[in-house]
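Just below is one structure, and these are the notes that go with it.
The values are calculated or read from the model by the stated rules, or taken from the named source; none is laboratory data. Keep in mind the model is a prediction, meaning the values are calculated, not measured. Heavy atoms of the whole protein, side chains included, go into the accessibility calculation; ligands, DNA and RNA do not. Shrake-Rupley method; radii C 1.70, N 1.55, O 1.52, S 1.80 Å.
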Amino acid sequence: MPEPSGQSNKKADPAFERWLGKQLHGLYDPVLNEAVPDEIARLIEGFREREPAKKDGQKD
């Protein structure tokens with residue numbers, strides 16, 4: 001019977017884990033290495049400038 005959370009207690013095969021990791025890296029690494037478009041970078045920088053300075057110890 002499956003666990004209530006829908007997850008199994010079984011461990012994944014280490015060979016499958018390695019294969020899956022390689023496949024995911026192959027798909028996503030090129031995207032992560034792309035430059036951020038100038039328009040998006042300006043938008044992010046605008047948000048940073050508008051964000052009030054946080055005091056030490058203040059949580060996000």
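Details
- Put LEU27, LEU43 in order of accessible area, highest first, and with a 1.4 Å probe you get LEU27, LEU43.
- Annotation: extensible slack from ARG42 through GLN23 equals 3.6 nm (criterion: 0.36 nm per residue apart, minus Cα-Cα distance).
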